[in-house]
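Coordinate-derived values only; no laboratory data. Since this is a predicted model, take the numbers as computed values, not measurements. As a convention, Cβ positions derive from the backbone with ideal geometry for all residues, glycine included, and neighbour counts pool all protein chains shown.
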Amino acid sequence: MVNNNAAAVLLALNSLAEGGEVLVSRGELVEIGGSFRIPDVMSKSGATLREVGTTNRTRAADYELAINDRTRLLLRVHRSNFEITGFTEQPGLDELVALARRRNLPLMQDLGSGALFDLRSVGINDEPGVLDSLRAGVDIVTYSGDKLLGGPQAGLISGRADLVARLRSNSLFRALRVDKLTYAALEATLLAYVKCDHDAVPVLRMMRLSKDEIARRAGKIVSQVESAPVKSAHFKLELLDGESVIGGGAAPSAVLPTRLIALTHIDLSADELSARLRATTPPIIARIEEGRVLLDLRTVFPEQDANLATVLASLTDAKLPITN
């Protein structure tokens, strides 16, 4: 465990491939938030990047043809914040595992956002899971302790005991290690997984919410706000069907059906209304689509609904009343 997934990738590459080459598909040379780029991290690790295949099509044979006496590692990088569609091809994980075994090379996979929960149970089918990769035979898997896993910010490294031991013995590990509070927070998160207490992990609790449950809560909040004593035709609340986006760091095209509260005001732009909501106590963070301010209760805990309704109702003053 290190302080984030970029650190996990750096530590793994430096430990397993310093001075040698790492084979990566051209279609997996990703950049994520904070200008984290695979080629740059590779360079800092002391390993040499060897690109194989093309942007849209890479086969197992491309990796095999590129292997030479300087090859130290095969690397699969999950395209966690974008998709390549159309005329595409990517070798299956089983093909890369077989190739790595045949050529006596370790296979590493950077998942970016680590999922320990079976996302297929909430309708997300194309996001790889940590356990799936390990069961398939990947030697080293790096992933985030936050994001889909739902714990503190951290970078986690799982895999073959002998390879993980090499990473732990690297002096760079001490520079990248986390503090005791992070260990404690991760322990609490992982224990929730062990106990199958998925509602104890906020991100899982949010993903598991059904559209019907969100609609029931949204309708109740709108009713409470509309019962405010001062009303005006200037401010309008509507309930709309919509989608919850999982996030840019995982499942880039995955959405969950939801029910939205849409807010509009005749005299305020969507940006102005959104800024007014952020200035309330507690602040309300919304998103804007098609000129409307949208609230998605998927990311609001049920125990916070009363506060949300109170804040929205507080906007029903002479300057900004509420109406049906």
Revision key, fill the gap. The exposure ranking of 214, 38, 140, fewest beta-carbon neighbours within 10 Å first, is 38, 214, 140
Study note, to complete from the structure: Fewest to most Cβ atoms within 10 Å: 44, 180, 147 sort as 180, 44, 147
Point to revise | Highest-MSF residue in the chain out of 87, 117, 301 [GNM, Cα springs under 10 Å] | key: 87
Study note, to complete from the structure: If R0 = 35 Å, then residue 289 and residue 61, at their Cβ-Cβ distance, give a FRET efficiency to the nearest 0.05 of 0.20
Practice item. Figure the gain on full extension for residue 275 and residue 227 (residue separation times 0.36 nm, minus the Cα-Cα span) and round it to one decimal in nm. Key: 14.9 nm
Practice item. Would you kindly state how much longer the chain becomes between residue 98 and residue 241 on full extension, computed as 0.36 nm times their sequence separation minus their alpha carbon distance, in nm to one decimal? Key: 46.9 nm
Review point. Once the piece of chain linking residue 266 and residue 187 is laid out straight, how much longer is it, given 0.36 nm per residue of separation minus the C-alpha distance between them?
Key: 23.5 nm
Point to revise | Charge dipole magnitude, Cβ of K and R +1, D and E -1 - the chain, Cα centre, debye nearest 20 | key: 620 debye
Check your understanding: How large is Rg over Rh for region 5-203, taking Rg from the Cα atoms and Rh as the Kirkwood inverse mean of 1/r across Cα pairs?
Key -> 0.96
**Study point:** Backbone N within region 55-85 under 14 Å of label point (7 Å from residue 26 Cα along the Cβ vector)
**Key:** 55-59, 62-63
Review point. Any idea how far apart residue 79 and residue 171 come out in nm if each label point goes 7 Å out from Cα toward Cβ?
Key: 4.0 nm
Revision key, fill the gap. For the pair residue 301 and residue 153, the simple spin-label estimate (label points 7 Å beyond Cα toward Cβ) gives in nm 2.1 nm
Exercise for review: Before rounding to the nearest 500, sum -39500 (n - 2.57) across all DSSP H runs of length at least 4 in the chain and divide by the residue total; then give [θ] at 222 nm in deg cm²/dmol.
Suggested key: -10500 deg cm²/dmol
Check your understanding: What distance in nm separates the simple spin-label points at residue 212 and residue 68, each placed 7 Å from Cα in the Cβ direction?
Key -> 6.2 nm
